[in-house]
């Protein structure tokens with residue numbers, strides 16, 4: 001009975017919105033805004049860009065609402081607009097990963113985010129608002145897997161259309177015919193693009209390298225806690241002992257990464273010397289992974305200076321990705337301690 005009432009209310013709001021009622025339109029689209037923003041983030045890799053594209057999507061939906069005939073669900077229609085807006089943005093900006101110079105290694109390690117200069121962290125407070133949205137039956141990735149930094153950065157290496165197809169099919173679980181309609185294509189073309197996208201993504205984010213953002217075990221949490229404590233104390237020997245053999249430190253947008261214990265140890269010792277003083281950590285989370293905002297001293301005390309996102313698996317710490325302070329306004333973190 002409740003579903004029937006909800007359907008009638010939705011139809012009534014749609015009719016009012018199509019007659020120009022902005023409040024009815026806001027009520028119609030409110031349940032989908034967060035998930036549409038997350039969708040744009042997966043495709044674009046940037047929270048700021050995702051927020052901009054969400055606003056473009058809602059504006060386009062408002063302007064085109066009279067043409068919505070209800071042949072698909074409102075949610076699918078909004079995803080169609082959002083996806084195509086993202087593809088237009090990628091085409092206009094011509095943004096694809098390019099080889100970078102100046103890093104210590106001649107080749108990016110699998111799953112590295114070093115080449116994605118525009119990559120931004122996604123606050124878990126935003127992700128949790130849509131984490132319980134059930135994907136369709138064709139989805140291959142769980143919600144936390146599909147928000148992990150390694151996964152999102154891996155997507156950025158795909159051609160834009162392959163990127164969109166993989167997210168729509170394997171993350172959101174839309175059927176091939178639905179995706180074909182969204183992209184103005186055929187199911188055969190969608191399936192072909194999907195196979196190429198899967199092969200390319202799996203070559204960059206192999207399952208054996210990283211569990212992405214699966215739920216942390218008690219042992220994982222203990223390891224991350226000990227790692228953060230040692231790093232905050234600048235006990236570099238202890239930090240290095242907790243790293244995996246293939247651990248990576250990267251710092252987008254800087255074209256720099258360090259792979260393996262020896263290289264990371266040298267980097268940490270150099271940074272400690274350059275910093276010349278202590279730092280403090282505040283625990284948070286980003287992209288479904290443990291993270292720590294770090295604070296450095298200035299004339300007025302402790303100032304928020306950046307974010308460290310940590311990757312972990314059973315045999316140790318696999319990655320540390322540092323983001324600069326300017327990307328932390330969306331996080332519920334104090335600017336000063």
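The values are calculated or read from the model by the stated rules, or taken from the named source; none is laboratory data. Quick caveat, the model's predicted, so the values are computed rather than measured. FYI the Cβ positions are ideal-geometry reconstructions off the backbone, even for glycines, and counts take in every protein chain you see.
List the residue pairs whose Cβ atoms are under 6 Å apart, where the first residue sits in the stretch 190-214 and is more than 16 Å from residue 156 (Cα to Cα), the second is part of a loop (DSSP other than H, G, I, E, B) and at pLDDT below 65, and the two are 6 or more positions apart or on different chains.
Sorted first by the residue in the stretch 190-214, then by its partner, the pairs are 209/110; 209/111; 210/111.
Of the numbered conditions (1) touching a helix residue (DSSP H, G or I) at 6+ places or on another chain (Cβ under 9 Å); (2) at pLDDT 95 or above; (3) surrounded by fewer than 15 Cβ atoms within 10 Å (Cβ to Cβ), residue 70 fails exactly one; give the number of that condition.
Condition (2) is where residue 70 drops out.
May I ask you to verify whether residue 281 is modelled with pLDDT of 90 or more, within 27 Å of residue 125 (Cα to Cα), touching a helix residue (DSSP H, G or I) at 6+ places or on another chain (Cβ under 8 Å) and surrounded by 21 or more Cβ atoms within 10 Å (Cβ to Cβ)?
no
Having 1 or more residues that are in contact (Cβ under 8 Å) with a residue 24 or more places away in the chain and within 22 Å of residue 145 (Cα to Cα) is the bar; report the strands (runs of 3 or more DSSP E) wholly within the stretch 246-303 that clear it.
Where strands (runs of 3 or more DSSP E) fall fully within the stretch 246-303 and carry at least 1 residues being in contact (Cβ under 8 Å) with a residue 24 or more places away in the chain and within 22 Å of residue 145 (Cα to Cα), they are 280-286, 289-298.
Based on this model, can you work out whether residue 137 counts as within 24 Å of residue 196 (Cβ to Cβ) and either under 13 Å from the mean Cα position of the chain (by Cα) or surrounded by fewer than 20 Cβ atoms within 10 Å (Cβ to Cβ) (or both)? Don't jump to the end; show me each part of the working.
Working: within 24 Å of residue 196 (Cβ to Cβ): yes; either under 13 Å from the mean Cα position of the chain (by Cα) or surrounded by fewer than 20 Cβ atoms within 10 Å (Cβ to Cβ) (or both): yes.
Spelling it out, residue 137 is indeed within 24 Å of residue 196 (Cβ to Cβ) and either under 13 Å from the mean Cα position of the chain (by Cα) or surrounded by fewer than 20 Cβ atoms within 10 Å (Cβ to Cβ) (or both).
Can you go through 307, 201 and tell me which one is outside any strand (DSSP E or B), on the phi < 0 side of the Ramachandran plot, surrounded by 15 or more Cβ atoms within 10 Å (Cβ to Cβ) and under 18 Å from the mean Cα position of the chain (by Cα)?
The unique qualifying residue is 201.
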